[in-house]
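Just so it is clear, none of the values below were taken in a lab; they were calculated from the coordinates. Since we're looking at a predicted model, the values are computed, not measured. Every residue, glycine as well, gets a Cβ built from its backbone with ideal geometry; the counts of neighbours run over all protein chains shown.
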Amino acid sequence: MKQLAILIAALLAGCASYPTPQDSATADYGSYPSNYEYISKTYFENLLKDPFSAQYRGITAPKKFWLGDRINGTRYGYLTCVTVNAKNSYGAYTGFTTEGLLIRNGVVVQYLQKGIWYGRKMC
């Protein structure tokens, strides 16, 4: 029984906790990325197989956002959602998908593939 209690305590200690509303209100999100379209397109230029084929359907205005996990803790920044289509290695377009980018002080600090973070749709 004592071993079970120790195991439960260890598991609970490893869980990430959500920031409180006060934490979110006073957190440093970095500077607002007024050039978010440029930052987003530059990021995808380095990510895509054929960046010159990229077609952008939309890039949303950044909003204050936080992401957290057990490894990196809580990260604050501005989330923008980018709907993009580009060619793959075979030269065929893959179809439009909406990807998420968390930007802090002009740098993408987290990429959310298909706008998903730990199974939750953010974009």
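Results, tabulated for the structure shown:
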read-out: Nonlocal amide H pairs with Glu99, under 5 Å, H built at 1.01 Å; value: Val82, Thr83, Val84
read-out: Sorted by Cβ density within 10 Å, fewest first, the residues Arg120, Arg75; value: Arg120, Arg75
read-out: P(r) histogram, all alpha-carbon pairs of the chain included - 10 Å bins from 0, percent; value: 12, 36, 27, 14, 8, 3, 0
read-out: Cβ-placed point charges (K, R +1; D, E -1), dipole of the chain about Cα centre in debye, nearest 20; value: 280
read-out: In order through the stretch 116-123: 3J(HN,Hα) via Karplus (6.51 cos²θ - 1.76 cosθ + 1.60), integer Hz, x for Gly, Pro; value: 10, 10, 6, x, 10, 6, 9, 10
read-out: Förster-model FRET efficiency, 25 Å R0, Tyr56 and Ala92, C-beta, rounded to 0.05; value: 0.85
read-out: 3J(HN,Hα) from dihedral phi, the stretch 80-95, Karplus parametrisation 6.51/-1.76/1.60, rounded to Hz, x for glycine, proline; value: 10, 10, 10, 9, 9, 9, 8, 7, 8, 4, 8, x, 9, 5, 8, x
read-out: Cβ-based exposure ranking for Leu48, Leu102, Leu67, in which fewest neighbours within 10 Å come first; value: Leu48, Leu67, Leu102
read-out: Added length on full extension, which subtracts the Cα-Cα distance from 0.36 nm per residue, Arg120 to Glu45; value: 24.4 nm
read-out: The stretch 35-78: proportion of alpha-carbon pairs further apart than 12 angstrom, %; value: 70
read-out: Degrees between helix 2-13 axis and first principal axis of the chain (Cα, 0 to 90, nearest 10); value: 40
